[in-house]
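Below: one structure, written as structure tokens.
The values are calculated or read from the model by the stated rules, or taken from the named source; none is laboratory data. These numbers were taken from a predicted model, which means no experiment stands behind them. In this analysis, Cβ positions are derived from the backbone assuming ideal geometry, glycine residues included, and neighbour counts consider all displayed protein chains.
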Amino acid sequence: MLKGAKTGVPLWLLGFGAVRLRTDMNRLLSLLFHQGVLDEQFLQLQQLQDQSSPNFVSEVITIYFHESEKQLRNLRHLLLDREMWDYVKLGIHLNQLMGSSSSIGAKRVRNICAAFRGAVEQNNRSACMRALEVLEHEYCYLKNKLHELFQIEQQRVLGDAVRYPGVVHQQ
Amino acid sequence: MVHEMEDEYVEDMEVEVLSSMWPEDIDEAGKKFNVERPGSHDNMLEDLAFVEEPSIVDFKRLVELTSYSEKGSSQLAYLVQNWEYKQENAVRLLREELESLSKQQREVELKKLEIFEQHKFEEHSYAGDKRPVSVLDGVYEIFQDIPRKRNDFIVEDKRLKIDAEYDTLVYWKQQALELRKQLEASVQREKMLSEKLEESIEKLEKQSSPVEELSQILKRADNFLHFVLQNAPVVIGHQDKELRYRFIYNHFPSLREEDIIGKTDVEIFKGGGVKESQDFKREVLERGVAAKREITFETELFGAKTFLIYVEPVFSKDGEKIGVNYMGMEITDQVKKREKVAKLREEIAVQKAKESELNKTIHITEETMRAKQMLATMSHEIRSPLSGVVSMAEILSTTKLDKDQKQLLSVMLSSGDLVLQLINDILDLSKVESGVMKLEATKFRPREVIKHVLQTAAASLKKMLTLEGHVADDIPIEVIGDVLRIRQILTNLISNAIKFTHKGKVQINLYVVVDPYSDPQEPNLNTGRSSVSTQNGVILDERAENGSHSHETVVWLRCDVKDTGIGIPEIALPNLFKKYMQAGADTARKYGGTGLGLAICKQLVELMGGHLTVSSKEHVGSTFTFVLPYKVSHVCDSSDDTDEFGDMNDNESTDDDISCGIFQFQPHTLGSLFTSNGPHKERISAFPDDLYTIPCSEVNPKEISILDDDHSCLTSPSSKCNSENENTTCTKTEKQNCDDVSVASRSPSDHNFYNSGEARNGEEVIKSVTKPKILLVEDHVVNVMVAKRMMRQLNQDMDIVNNGAEAVRAVQNCAYDLILMDVCMPVMDGLQATRLIRSFEKTGNWDEATKAGVEPHNSLSFNQKSEKSRRRIPIVAMTANAMSESAEECFENGMDSFITKPVTLQNLKQCLEQYVE
């Protein structure tokens, strides 16, 4: 059907896959929205990405992951320390994680942080442990999905670049 | 032989008599008593010892009764009849016997005659020796006694057997002897029979006394009755016409005979129920019909007891009432049980009813909740992507576009906003209904609200309508209320008015009214004061820095939204404010809409403590009126501008329109909406000074300067005044703060920032005079990145520090126009930093900061700038949790406003417009 189909070059290199990739991306995004993993703040983030900073979203997310991993490590460390129950530190870490998560629109992570903070305020260590586990799980899920998303995005950008080779150079 | 026969007879007779001892036909006559034949169980009765005391009888009365009362007499007659019948039977038997005897006698006589004829001739010779005729008479008599059934009995030998030769002397002698023997035997038999007869007669006489028999029968019946009734909780009695007891049977008597007989109930007992029973008996007596009733007695004698009473009237033979028979049975326990059961049943029924009611309610509630939840969820689901669309369009509008594209984009934005509004409506409604809706109290200017609402309406107006706003002079310049909701109400009402109006005008009138809920003195005071404050600008009430209002006055404002539209039929008025209701089905078809608007308006107005009413005349127009209470805010100085409505605000809104009272928007053609020059600015001569005309499609004219990248602001701050709009010529050059050119600023580059969070002080950069200086205090990298990026989209640049202490230092070094302050931060949080900054603004020194450990590092610049920096810097908090309490905390610590995280382009933009422009 497609004229490019017989050239032997991968479809996306010819740009024909762009539509499919876009659909995949949208599907993945809508899934994440539907699951409540992301919220509209993520869209805002995407809107902030323009030609002057084409990788803005992935940059921010990369930093987010970097920071969050540090915070999760800290949280686990603080919780596992049996002698000390550093209420204040836990709160600070959680607040930071919550703030950054809400900034990138990671809704579920943010909500779990809120619950975690509630558990901290109630001094409920077992609830904290549970919350931490859920939080780590959610975090991994988010990370995987966003990685998937960025991969598709990358392919798409490559495809776009193939299709409109001029655009990349013009920038 | 005869004797034997006699015995048989007697036996038969005895059986007859015995059976009659108990009146058989009592059984047949009505089966009143089912009694066994007494003969077989005579002993049974004898075994029982009857205590006859309980039965107290007035015997005279009984006699009277039996002779006068119909029942008694019939009973008596019945017994007599029975007795008579028995006697008759005996007589009949005797008669029959007699008959048979006489028959035999006749036969014997015939035989005798025969013999006489045979021996006529000898008769005289033996006359002396022979027995007189009386002997034969005796034989005759004897035969009379023989009962008939022995008829077959052959009394005599037909022939005497005589051995002697016939007709000889011997023969005759022998015959005479034989006959004589026979005669003797006959005489003897006669004697016996007569004896027997006498005996029988005697016996008959003995038996024949009816009184004895009757009394026996009665006694037997009495015994049976006693036997049956001996343990029954039954009272039986008879009372005469005056209801005096004549007879009473009570197995458990508590009174003696003389206490009862001849007295009435009332005379005997005292207490509850006695009168009732007496009345009941009287009633029965009067009516002549038997009746039953349950009566509860409450007497001293036997306490509380319930009796089932059966009373029947007693009639005399002529049908006159002569008294009542009365029978009572104690059923206290049964009544108690019955009542208990009834109560239980009732309770069960009530319980069941409650249960089903509850179930129904639960069901309905669940349904409603689910429906609401679904609606809210759906609305939310729709809103998220839609807000994406709208936000993207907004961002698109900030990029380089040509005129046409901008116009199209603005239409797109307004449509998107409309849909968003609708969805927000639904969400609002469910919020209000579920009680989640919280009202905010912010300062606002009613005139501007009206102006903006009209302006917005005019912008999308596609009809030839005039929009007018009249604000009375005594309306305070600023009041406090939930401006967003008030605007929502106004917008709703206006858009409704426009929708249903095809020609003429739509008008908003705002004026002060007296407090509808208090005495007339107070509101006058209010209006008086507010008008003073308005006209003279007198500060009645110094508002404290942290925003606490110590002496607030309340003013009631009435707002009429008047149109000259199609009006509302009277019949539709009651349903007007109900959800999803419109004036009529065809209205919905013709004009569209969800029917939610008015419902929301009403609920919002009521939530704010006011009320919304409507008056309308079909084909003439409608007026929607809402009255709301507002707190009056007292402004300390005019430069403390708290304009909430930056979004549509144009820069011309300066001091002169603060008190402007009349706005008018003339109709314009559809095409003009899309011309770049947009508005027809017309001045109506009637209102030469006050008239405020609004350009309908003015693009946000705020100065736009574009910085190529982050570094540019560090090195070469330049302002590019980019007049994208031909008609927008205003470029602000006179910002109050922009004259201090040598302001120290720290604007860390991204690179530095990410490497280390440490503060870099001392870098003094000469800032652009046209750009506001903004400080972002935020500790988290991601948030910083996002916020920074957004600011760039908004063509603003800002400095960034990582905690409160750094923020204080930054303020010491540089005069900022706006500080965006994260609340939760390490080292020093936003609240403390704000307090320190406010303390400096108040006192002019940094003592508080020094105490808190933040040393002013550059005393030189501090001294130089101390005077100028003492202007109050707007500080906007950024909080991660949107709870109201944390908002209050922010305000208490001197912050001006707060943004809920995540920071969005929209609220950042609003914030800038509010505090920087």
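Miscellaneous remarks
- Number of residues in the stretch B:560-574 that are over 19 Å from B:Leu490 (Cα atoms) and among the charged types (D, E, K, R) equals 1.
- Each residue in the stretch B:607-645 was checked for being assigned to a strand (DSSP E or B) and modelled with pLDDT of 85 or more, and 18 of them qualify.
- Flag if B:Ser134 is of a type in the set (S, T, N, Q), part of a helix (DSSP H, G or I), over 30 Å from B:Lys206 (Cβ atoms) and modelled with pLDDT under 90: yes
- Single residue of the stretch B:772-784 satisfying the filter (in a loop (DSSP other than H, G, I, E, B) and more than 22 Å from A:Gln71 (Cα to Cα)) that is nearest to the other protein chains (Cβ to nearest Cβ): B:Pro772
- Residues of the stretch B:220-247 satisfying the condition of being part of a strand (DSSP E or B) and under 55 Å from the mean Cα position of the chain (by Cα): B:Val234, B:Val235, B:Ile236, B:Gly237, B:His238, B:Gln239
- Looking across B:Gly303, B:Gly273, one residue alone is on the phi > 0 side of the Ramachandran plot and free of Cβ contacts under 8 Å to residues at least 12 places away in the same chain. It is B:Gly303.
- Residues of the stretch B:390-406 that turn out to be in a helix (DSSP H, G or I), within 12 Å of chain A (Cβ to nearest Cβ) and not hydroxyl-bearing (Ser, Thr, Tyr), as a count: 6
- Yes/no for B:Arg256 being more than 15 Å from B:Asn325 (Cβ to Cβ) and modelled with pLDDT of 85 or more: no
- Residue in the stretch B:300-318 that is small (Gly, Ala, Ser), part of a strand (DSSP E or B) and surrounded by 16 or more Cβ atoms within 10 Å (Cβ to Cβ) present: yes
- Qualifying residue in the stretch B:512-528 (condition: at pLDDT 85 or above, surrounded by fewer than 18 Cβ atoms within 10 Å (Cβ to Cβ) and within 44 Å of the chain's Cα centre (by Cα)): yes
- First in the stretch B:358-381 and closer than 11 Å to B:Ile423 by Cα, second anywhere and loosely packed, with under 10 Cβ neighbours inside 10 Å, Cβ under 9 Å, 6 or more apart: none
- Tally, over the stretch B:461-517, of residues that are touching a helix residue (DSSP H, G or I) at 6+ places or on another chain (Cβ under 9 Å), of a type in the set (S, T, N, Q) and not in a helix (DSSP H, G or I): 1
- Per the conditions (1) at pLDDT below 85; (2) of a type outside the set (Val, Ile, Thr); (3) closer than 22 Å to A:Val60 by Cβ, the sole criterion not satisfied by B:Asp829 is (3).
- Members of the stretch B:886-917 found to be in a helix (DSSP H, G or I), under 46 Å from the mean Cα position of the chain (by Cα) and within 12 Å of chain A (Cβ to nearest Cβ), listed by number: B:Ser886
- Out of B:Glu366, B:Glu357, sole residue that is modelled with pLDDT under 85 and assigned to a helix (DSSP H, G or I): B:Glu366
- Criterion violated by A:Gly36 - all others in (1) at pLDDT 80 or above; (2) at positive phi; (3) surrounded by 14 or more Cβ atoms within 10 Å (Cβ to Cβ) satisfied: (3)
- Scanning the stretch B:312-331 for residues that are closer than 16 Å to B:Lys292 by Cα and of a type in the set (S, T, N, Q) turns up just one, B:Asn325.
- Hey, B:Asn492 at pLDDT below 85 and either more than 30 Å from B:Ile423 (Cβ to Cβ) or under 46 Å from the mean Cα position of the chain (by Cα) (or both) or not: yes
- Here the condition is being farther than 24 Å from B:Ile395 by Cα and under 11 Å from the mean Cα position of the chain (by Cα); of A:Leu132, A:Leu149, A:Leu142, A:Leu90, it holds for A:Leu142 alone.
- Among (1) touching a residue at least 24 places away in the same chain (Cβ under 8 Å); (2) out of contact with any Phe, Trp or Tyr (no Cβ under 9 Å at 6 or more places or on another chain); (3) more than 18 Å from A:Leu142 (Cβ to Cβ) - the single one A:Arg76 does not satisfy: (3)
- Some residue of the stretch B:447-460 being closer than 23 Å to B:Phe665 by Cα and surrounded by fewer than 19 Cβ atoms within 10 Å (Cβ to Cβ): yes
- Residue match in the stretch B:407-429 (condition: free of Cβ contacts under 8 Å to residues at least 60 places away in the same chain, in a helix (DSSP H, G or I) and more than 24 Å from B:Leu905 (Cβ to Cβ)): no
- Taking the criterion of being at pLDDT 85 or above and in a strand (DSSP E or B), the residues of the stretch B:272-295 that qualify are B:Ala291, B:Lys292, B:Arg293, B:Glu294, B:Ile295.
Yes/no matrix, rows are residues, columns are (1) part of a helix (DSSP H, G or I); (2) away from chain A (no Cβ under 14 Å); (3) not small (Gly, Ala, Ser):
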| site | (1), (2), (3) |
| --- | --- |
| B:Val786 | yes, no, yes |
| B:Arg789 | yes, no, yes |
| B:Gln796 | no, no, yes |
| B:Val811 | yes, yes, yes |
| B:Ala815 | no, yes, no |
| B:Ile819 | no, yes, yes |
